Amino acid sequence: MRIWVLLVSGLILACSAEEDPQERTRVGWDALVESLQEARDGLDSTLAFPPEPTDRNMAEGYRYLLGHLARVIESETQQDPDFPYFQRSVSMLSKWTIDNADTLYLQARIEPEGRYRIRGRTKDRTQWETGERGGPGPKVPRLVIFQTITELIGQTGDLREMGECRNQTLASIDSFDLQVDPDGRFELILAAERPEGYSGNFLPTQAALSCASASEEPEETETRQARFVSVREIFSDWEAEEALELSIERIDQPGERRPPHTSDAMAEKMARIGERVANQVWFWNQLHEFGLEVDGDRNLDGERSMPVNGLNPPRPPFIAGGVAGARQLYGGGVFELDQEQALILRVDLRGQEPHYVGFHLSNLWGESLDQASYVSSLSGAQLATAEDGARYYVVSARDPGVEGWVDTTGQPKGTMTLRLVYRDEIDPESLPEVSARLTPVDDVKDHLPDAVASVSAEQRREEIARRQAHIQRRYRQY
């Protein structure tokens, strides 16, 4: 891929010398098409470690590729650090990175030497200040996290980038610490250094960080630079919580006019679009195969990173790249179920309710399953703890008629993710304990506490209607 892009760049430069805009853009377009063929190979070539080519996996795989393409087209042609805006980096079309079904992901491209200001306005923010969920709404998302990051994960197409510290969080600030005025407004400054005399919300765009893999001692620190600012708005009470009003501007060069694209620039952008899409498809296949070990023990250490029909205890992410981390704890596993099987996961919180807890399922491309038309995820507000202090999740294709059902949407195999965020530091010895039981769907109620409520078919339809209304609001286009 890199050789091809270098050749394309050389051809574009050669065409530039001849002042032929038609030929320049044609070369860029041909590079895009060639790279999209390589991306397509990532869906069905055994060299790319794709999922089994079932009817549904292939249908979702092509949609997944097109989702990357839509996202990357916008990123390359519209995102500019001199004229920033927040792009949805995950949408109902473009899902990737085993995205959190509760989260609205936003990103803007920035220049590490530039100065930027994010402005926002909130609604009822009781839960930010006290942890209490507050009234019926409208209110802020349960949790909001701002991060400056060095690079987007997967850009090289090579899993080895995880050991090179290309994708690091420089700094983060979340809604626990965000300063908000009495009217619910806030601003956040991004710059290489904190402005003199400024004591408000601040994120650095340059920072001294070390780099080390899990098996190595940290190297000496070196200055790393942020190329993106990321925002995660994490929802728990889907009926009452609403997205923030946010804007971003570059404040060290106000009033600049954005120049039109040139044929040279557009040709290069088309070549990069194709390269990025292909690299993303191949990278995430490798991560699922070797990093998460979705299909088996690939490093031959006697165990799998993601247990089958079980869930790892919640811990910090083993890949602290890009936007991962920032106080979040993760538990992961793989479900493999036929139509008559159910997996009951008991998550014992050990008396310490997290500020945020969410559980969701994903397909083998790393897309969260449709969280609007199916109950394929549950937040803390959507599933209360049982009388024994634990949450019970029931993963199955067929509805067992109980609270806590998480719908596989008919997928026989996929991944499971549990996310937790605590307001305060928690002793590792006090983290939740997870246990799993495989049972026929018809026997699920025999393995749940008596107080776990039954859910009728009509109640389930009402639940889905509420979910669809929230997703319409979260991803509205106006």
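Every number here is computed from the coordinates shown, using simple stated rules; none is lab data. Predicted model only: the values in this text are computed from it and were never measured. Cβ atoms come from the backbone with ideal geometry, glycine included; neighbour counts cover every protein chain shown.
Mind sorting Tyr105, Tyr62 by how few other Cβ atoms lie within 10 Å of their own Cβ, fewest first?
On the way: Tyr105 22, Tyr62 14.
Least crowded to most crowded, the residues run Tyr62, Tyr105.
How are the Cα pair distances of the chain distributed, in percent, across 10 Å bins from 0?
4, 18, 29, 27, 15, 5, 1, 0
Note down the net charge around Asp297, summing +1 for each Lys or Arg and -1 for each Asp or Glu among other residues with Cβ under 12 Å from its Cβ.
Details: positive: Arg298, Arg304; negative: Glu289, Glu293, Asp295, Asp301, Glu303.
Charge balance in the 12 Å sphere: -3.
Explain nothing, just the number: relative contact order of segment 66-191, from Cα pairs under 8 Å at least 6 residues apart, as a whole percent. Walk me through the numbers before you get to the answer.
On the way: 141 pairs, mean separation 30.5, N = 126.
Over segment 66-191, the number comes to 24 percent.
With each run of n ≥ 4 DSSP H residues scored as -39500 (n - 2.57), what mean residue ellipticity at 222 nm is computed for the chain after dividing by its residue count and rounding to the nearest 500 deg cm²/dmol?
Values: 6 runs with 111 residues, N = 478.
The per-residue figure over the chain is -8000 deg cm²/dmol.
If R₀ is 56 angstrom, what is the calculated FRET efficiency for the pair Arg350 and Ala59, using the beta carbon separation as r and rounding to 0.05? Present the calculation step by step, with values, prior to reporting the outcome.
Details: r = 42 Å, r/R0 = 0.74.
Approximately 0.85, to the nearest 0.05.
May I ask for the angle, rounded to the nearest 10°, between helix 2-17 and the longest principal axis of the chain, with both axes built from Cα atoms and the value confined to 0 to 90°?
40 degrees
Given a Förster distance of 30 angstrom, what is the FRET efficiency for Tyr374 paired with Ser454, based on the Cβ-Cβ distance and rounded to 0.05? Each step should come with its number before you reach the end.
Details: r = 19 Å, r/R0 = 0.64.
Calculated value: 0.95.
Distance between the C-alpha centers of segment 387-431 and segment 297-317? Whole Å please.
17 Å
If we count other beta carbons within 10 Å of each Cβ, what is the order of Met92, Met162, Met270, fewest first? List each step's numbers first, then the result.
Numbers: Met92 16, Met162 22, Met270 25.
Going from least to most buried by this count: Met92, Met162, Met270.
Charges at C-beta only: +1 for Lys and Arg, -1 for Asp and Glu. How large is the resulting dipole of the chain about its Cα centre, in Debye rounded to 20? Provide the component values of the computation, followed by the final result.
Numbers: 52 positive and 81 negative charges, 247 e Å.
Approximately 1180 debye in magnitude.
What translational diffusion coefficient, in µm²/s and rounded to a whole number, does the Stokes-Einstein relation yield for segment 79-254 at 10 °C and a viscosity of 1.306 mPa s, taking the hydrodynamic radius as the Kirkwood radius over Cα pairs? Could you put the intermediate results ahead of the total?
Working: Rh = 17.4 Å.
The estimated diffusion coefficient comes to 91 µm²/s.
Could you work out the relative contact order of segment 329-474? I mean the mean sequence separation of Cα pairs under 8 Å and 6+ apart, divided by the number of residues, in percent.
Details: 275 pairs, mean separation 54.3, N = 146.
Reported as a whole number, the value is 37 percent.
If I fit a long axis through the Cα atoms of helix 21-44 and take the longest principal axis of the Cα atoms of the chain, what angle between them do I get, 0 to 90°, rounded to 10?
30 degrees
Sort out for me the Cα centre separation of segment 328-386 from segment 76-117, rounded to whole Å.
Result: 26 Å between the Cα centres.
If you fit an axis through the alpha-carbon atoms of helix 263-286 and take the longest principal axis of the Cα set of the chain, what angle between them do you get, 0 to 90°, nearest 10?
Result, in degrees: 30.
What is the local net charge at Gly389, summed over the other residues whose Cβ is closer than 12 Å to its Cβ (Lys, Arg +1; Asp, Glu -1)? Provide the component values of the computation, followed by the final result.
On the way: positive: Arg346, Arg350, Arg391; negative: Asp348, Glu353, Glu387, Asp388, Glu433.
Once positives and negatives cancel, what remains is -2.
In nanometres, what is the gap between the two model label sites at Glu129 and Ile426, each 7 Å from Cα along Cα-to-Cβ?
So the two model labels end up 2.6 nm from each other.
How would segment 329-474 be classified by its alpha-carbon gyration tensor: rounded, prolate or oblate, with rounded meaning a/c under 1.5 and the a/b versus b/c comparison settling the rest?
Details: a/c = 1.37, a/b = 1.22, b/c = 1.12.
Cα axes put segment 329-474 in the rounded bin.
What distance in nm separates the two pseudo spin-label positions at Ala192 and Glu462, each 7 Å out from Cα along the beta-carbon direction?
Placing both labels 7 Å beyond Cα along the Cβ direction yields 5.9 nm.
Normalised by the residues of the chain, what does the relative contact order come to in percent, with Cα pairs under 8 Å and at least six apart?
Numbers: 989 pairs, mean separation 87.1, N = 478.
Relative contact order, the chain: 18 percent.
Please arrange Tyr422, Tyr475, Tyr356 by how many other C-beta atoms lie within 10 Å of their C-beta, fewest to most. Spell out each step's value before the answer.
Values: Tyr422 19, Tyr475 15, Tyr356 24.
Listing Tyr422, Tyr475, Tyr356 from fewest to most nearby Cβ atoms yields Tyr475, Tyr422, Tyr356.
Sort 93-99, 390-396, 274-280 for me by packing, meaning the mean count of neighbouring Cβ atoms within 10 Å per residue, highest on top.
Output ranking for 93-99, 390-396, 274-280: 274-280, 390-396, 93-99.
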